[in-house]
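Quick note: the coordinates plus some simple rules give every number you see, no bench work behind them. In this text, all values refer to a predicted model and were calculated from it rather than measured experimentally. FYI the Cβ positions are ideal-geometry reconstructions off the backbone, even for glycines, and counts take in every protein chain you see.
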Amino acid sequence: MARATKYVYFFGGGKAEGRADMKELLGGKGANLAEMNLLGIPVPAGFTITTDVCTYYYAHGRKYPAELKAQVAAALARSEKAMQKRFDDPANPLLLSCRSGARASMPGMMETVLNIGLTTRTIPGVIRLTGNPRFVWDAYRRLIMMYSDVVMEKAAGLEPAEGMGIRHRLERLMDEMKAKTGAKADTDLGAEHLETLCGQFRDKVRQVIGKPFPDNAQEQLWGAIGAVFQSWNGKRAIAYRRIEGIPGEWGTATNVQAMVFGNMGGESATGVAFTRNPATGEDKFFGEWLTNAQGEDVVAGIRTPSPLNEETRSEHDAGHVSLEEAMPKVYKQLAAIRAKLEKHYKDMQDIEFTIERGTLWMLQTRTGKRTGTAAIRMAVEMIRQKRITREMAVTRVTPAQLDELLHRILDPQAEKTAKALAKGLPAGPGGACGKIVFTAADAVAAAERGEKIILCRKETNPEDVEGMRAAIGILTALGGMTSHAALVARGWGKCCIVGCGVLAIDARAKTMTVAGQTFREGDYVSLNGSRGIVYAGQVPTVDPDPENPLLVEFLAGCDKVRRLGVRANADSPKDAATARAFGAQGIGLLRTEHMFYGEGADKPLFLLRKMILSSTPEERRAACDELFPFVKKDMKGTLAAMAGLPVTIRLLDPPLHEFVPQGEGKQAELAKALGITVDDIRRRAEDLHESNPMMGHRGVRLGVTYPEVSEMQIRAILEAAAELGKEGKKALPEIMIPVTCSVNELKDQAAIIARVKQEVLKKFGLRKLDFLVGTMIEIPRAALTANHIAEVAEFFSFGTNDLTQMTFGFSRDDIGAFMPAYQEKGILAADPFQTLDQEAVGELVRVGIERGRSVRPKLKVGICGEHGGDPASIHFCHKVGMDYVSCSAFRVPIARLAAAQAAVQDVPAKKKGKK
Ligand code: PEP
Ligand code: MG
């Protein structure tokens, strides 16, 4: 006969049937309770009913497997033996708790019932044993309250109106009792008041719910077990799982455990502690405790707890006695458990304990949640203490935690109570608090006055760049993660929220209306750009520490572990310096057009416009010649700043009409310079108009139709490199052709490059010049014909912004209207402009690399779309064997971490040196 499935796992008295690595079956709490027993740590005895029972329960119309009853009875008998008490025994009764415990922690999302087993049969026995009737009646009233709420109401599916639930009704009875007896706090109620109250509670339960509160210990126990399983599919739990991405199939385990009491007088206490400080990471035992109290009193903040020890006492604790002082022996025992747990789990633990009349019991241990600062400190110090390896340390810090350390953020404490107005896309991380303005000009003017401002726009275009630079935060109603505002903000490390569709922005009236509230110029808002949340009013911000030595040490550790190279998208010598400071190993994308925006761009922009609005090749060539020195100077500056590290320079990409001046003044100035009328200018600008500019005359198509424009840029790059060489400085440009779809486009441009190269060699009297020629792969056809393209291209850089746009057919600037609905309805799990779509876009990347390397095995491959800074996408890039990722300078540390995590978690696709 097959052995019956094991559904119940006992633990207690130093023995356990489970282990820490059985979280899937026993849940986190159950697995760790078992493990603590195995470590010889005192844990009240009990048993875990497995997650399989939860699955069975839902698959079989809320029924249990037939074997369960007997297995529970057997485990209960073992628990009774370990605790030397018996459940439902009038003479020496054992009381039980019943708690949920899923694989992943879901704090407060499911139900708990305490003090199970108190009945008219057992109450006298408990009173006799404790000699404390007040304590017993208080425990009984807590049981009635919890049980009627959790089991009889919630689990039974009753949904009373707001304020009419059984818990509220019982609380009102308690308030009445307090008023009648003149008691101020619950603790002022005496034994006889509580006993009367328990009678009133039971009457009320019968009257409201229509059923008596069970006076049978077994009925209470099974009611509580059912309620815990039932709470896996409660509203709160379902909502939490959706946010945290926890699968519904996992189910919860149920832990039934002997009760121990921290509220049995002065020798009893309860507390919560962390084996290291969860806020700072400091290696000191940190926690809080309350004498004569139950666990929920600490968590609920009803009373102010006291510090655990003298070492961690703060100014808020004046007058409080530490556990170390009050109960030195127990404290020593607890401190020894702390050391044992950390050594065993090799990570900071979050623990709960109860002291019942001088005896210490551990109720929980789990990996503790921590701030970014603490995560870094613990990782670094645990390596130093030889507690963990460098590879383990890399997995101890999440990219989001690292991000916390890199930007000014909203004060997390203040943010908790701030009023959230709206949610948009988290385009530029960090926090910002400032006065709102509605135009770029107003932003510049306000910044000149020294004000901190947030630029609110419906959308942004290149003409807003000055205003964006001046603002400390940017907020737009439209646009996606790769929209112009988002790209620019990330490049500058600026806080930015885009695609916040609920904002009604009227730039003319200078108002922003949201949730029925109208904001005017000068009103304050605060942005959390890491989460995309907009708050009304002022939320204070806190600064990061720029030269945090622990951070530097941690990232150096990541560099030793990773295989992928990390470069930055940077467009100017200044950005290049920032990129190097953050550890970039080169520039993966220099968008040349950025030299025509922002500070100092007036003259080159004017010349570019002149070039664009030229109507003959001669006119255009003349304008190019004028522009040439500016471009060369810019290229030389960036190449010099990177000191011989590779710099991928992309030839002009955007559709030209983006640069056509809109304002009348600028149009008149340009007309004068070209010797034509303003009407001529307008006419030429109209000729440049396109219905679909993103798929129009842009990228390499410009180079094919206006070869003199490519030539000017190529010459500027190669002369800059040659000049640096002559000056004894190293330069390594990589000329990159954008938006390619056919190898013939590349051949066309390569011919120009070959010719200009010869001319430059001759001019500078050189025999060779180090540079590469490559292309972006951002059109599906390019990925699919990569074997042809690689005949000419020496490197590929996947432009996954456009590749995503072209693969999905979603305009990257216009996803705001449908992307939220797509995600809400589960049509798409994630915004593909934020996280690379591995199924299709990723497949094109994979195929592109494979085909490219089939003809050029050493083809260098990177990514420069926004996905290059997204951790999940970086894992993918590692897996498909890319050489490097490139992202905004401010995300370089995140990419260094994510690349290291990918190397630890995945088997490297191919062993290759870092580029
Ligand atoms: C891309 O398309 O992924 C890319 C990097 O180029 P851009 O965003 O400038 O179009
Ligand atoms: Mg592109």
Notebook entry, point to check: With +1 on each Lys and Arg Cβ and -1 on each Asp and Glu Cβ, how big is the dipole of the chain about its Cα centre, in debye rounded to the nearest 20?
Noted result: 2420
Notebook entry, point to check: Alpha carbon centre of segment 820-859 versus segment 544-580: separation in Å?
Noted result: 26
Checklist line | Highest to lowest packing among 432-444, 277-289, 708-720, scored as the average C-beta count within 10 Å | finding: 708-720, 432-444, 277-289
Next item on the list: Express in nm, to one decimal, how much length is gained between residue 235 and residue 192 on full extension, taking 0.36 nm for each residue of separation and deducting their alpha carbon distance.
Entry: 11.7 nm
Note to self: For residue 87, what residues show an amide H to amide H distance below 5 Å, using hydrogens built from the backbone and excluding near sequence neighbours?
What the structure shows: 94
Check: Under 14 Å from the Cα of residue 730, which aspartates and glutamates turn up, not counting those fewer than eight places away in the same chain?
Finding: 719, 770
Notebook entry, point to check: Can you list the HN-Hα couplings for segment 531-539, worked out from phi with the Karplus curve (6.51, -1.76, 1.60; θ = phi - 60°), rounded to whole Hz and with x for Gly and Pro?
Noted result: 10, x, 9, 9, 10, 7, x, 9, 10
Notebook entry, point to check: Any idea what the alpha-carbon Rg over 2.2 N^0.38 Å comes to for the chain?
Noted result: 1.14
Next item on the list: Treating only the Cβ atoms of Lys and Arg (+1) and Asp and Glu (-1) as charged, compute the dipole magnitude of segment 528-666 about its Cα centre; round to the nearest 20 debye.
Entry: 440
Next item on the list: Search the structure for amide H atoms under 5 Å from the amide H of residue 263, placed 1.01 Å from N in the peptide plane, and list their residues when 5 or more places away or on another chain.
Entry: 293
Check: Dividing the convex hull volume of the Cα atoms of segment 122-171 by its residue count, what figure in Å³ per residue is obtained?
Finding: 63
Checklist line | Convex hull projection area averaged over all views, segment 757-859, Cα basis, nm² | finding: 8.6
Next item on the list: With 24 Å as the limit, write out which pairs from 603/747; 29/423; 726/762; 494/632 have Cα-Cα distances beyond it, or answer none.
Entry: 603/747; 29/423; 494/632
Note to self: I need the phi-derived Karplus couplings for segment 703-715: 6.51 cos²θ - 1.76 cosθ + 1.60, θ = phi - 60°, integer Hz, Gly and Pro marked x.
What the structure shows: x, 5, 7, 10, x, 5, 6, 4, 4, 4, 5, 4, 5
Item checked: Charge-dipole axis of segment 814-915 as Lys and Arg at +1 and Asp and Glu at -1 on Cβ define it, positive-most pick from 815, 897, 826 -> 897
Margin query: Report D for segment 425-472 in µm² per second (integer): Stokes-Einstein, Kirkwood Rh on Cα pairs, 25 °C, 0.890 mPa s.
Written below: 228
Next item on the list: Bin width 10 Å, alpha-carbon pairs only: give the P(r) of segment 82-202 as whole percents, running from 0 to the bin holding the largest distance.
Entry: 12, 37, 34, 16, 1
Next item on the list: Only residues of segment 421-446 count here: report those whose backbone N is under 18 Å from the spot 7 Å along Cα→Cβ of residue 507, or say none.
Entry: 436-446
Note to self: Can you give me the C-alpha center-to-center distance between segment 376-390 and segment 217-258, rounded to a whole angstrom?
What the structure shows: 36
Item checked: For the chain, share of DSSP beta bridges that run antiparallel, in % to the nearest 5 -> 60
Check: Restricting to segment 396-511, what percent of DSSP beta bridges are antiparallel, rounded to 5?
Finding: 30
Notebook entry, point to check: By a straight-distance test (C-alpha under 22 Å), which lysines pair with residue 284 as possible cross-link partners, with residues fewer than eight away in the same chain excluded?
Noted result: 329, 332, 340, 343, 346, 369, 386
Margin query: Per-residue counts of other Cβ atoms within 10 Å, averaged by peptide: what ranking do you get for 838-846, 164-172, highest first?
Written below: 838-846, 164-172
Check: What number, in percent, do you get for the relative contact order of the chain if the mean sequence gap of Cα pairs under 8 Å and at least 6 apart is divided by its residue count?
Finding: 9
Margin query: Need the full-extension length gain, residue 159 to residue 389, defined as separation in residues times 0.36 nm minus the C-alpha distance. One decimal, nm.
Written below: 77.6 nm
Notebook entry, point to check: In segment 390-423, which trypsin sites (Lys or Arg not before Pro) fall in coil by DSSP and have 14 or fewer other Cβ atoms within 10 Å?
Noted result: 419
Item checked: Set of lysines near residue 204 by C-alpha distance (under 27 Å), chain-local residues within fewer than 8 positions excluded -> 154, 178, 180, 184, 235
Next item on the list: Rank 489, 670, 5 by how far each Cα sits towards the positive end of the charge dipole of the chain (+1 on Lys, Arg Cβ; -1 on Asp, Glu Cβ) and give me just the farthest.
Entry: 5
Note to self: Limiting things to C-alpha atoms, what are the Rg and the maximum Cα-Cα separation (Dmax) for segment 174-329, in angstroms?
What the structure shows: 20.4, 55
Check: Quick one: if the Förster radius is 45 Å, what FRET efficiency do residue 827 and residue 520 give, using the C-beta to C-beta distance and rounding to 0.05?
Finding: 0.75
Next item on the list: Could you tell me the distance between the Cα centroids of segment 70-97 and segment 130-192, to the nearest Å?
Entry: 26
Margin query: So for segment 1-116, considering every pair of alpha-carbon atoms, how many percent are separated by more than 21 Å?
Written below: 39
Notebook entry, point to check: In debye to the nearest 20, how big a dipole does segment 258-370 give about its Cα centre with +1 on each Lys and Arg Cβ and -1 on each Asp and Glu Cβ?
Noted result: 440
Checklist line | Per-residue ³J(HN,Hα) for segment 106-123, Karplus 6.51 cos²θ - 1.76 cosθ + 1.60, θ = phi - 60°, Hz, x for Gly and Pro | finding: 10, x, x, 8, 10, 9, 9, 10, 10, 6, 5, x, 7, 9, 4, 6, 9, 3
Check: With all pairs of different alpha carbon atoms counted, what Kirkwood hydrodynamic radius in Å does segment 316-373 show?
Finding: 12.9
Check: Along the charge dipole of segment 695-768, Cβ charges K/R +1 and D/E -1, which of 696, 713, 741 sits furthest on the positive end?
Finding: 713
Margin query: Rounded to two decimal places and with Rh computed the Kirkwood way over Cα pairs, what is Rg over Rh for segment 495-643?
Written below: 1.10
Check: So for the pair residue 458, residue 758, with labels modelled 7 Å out along Cα→Cβ, what separation do we get in nm?
Finding: 5.4
Next item on the list: Determine, for each peptide in 342-352, 131-141, the mean count of other beta carbons within 10 angstrom over its residues, then list the peptides with the highest first.
Entry: 131-141, 342-352
Check: Computed over the Cα atoms of segment 722-792, what is the ratio Rg over Rh, Rh following Kirkwood?
Finding: 1.07
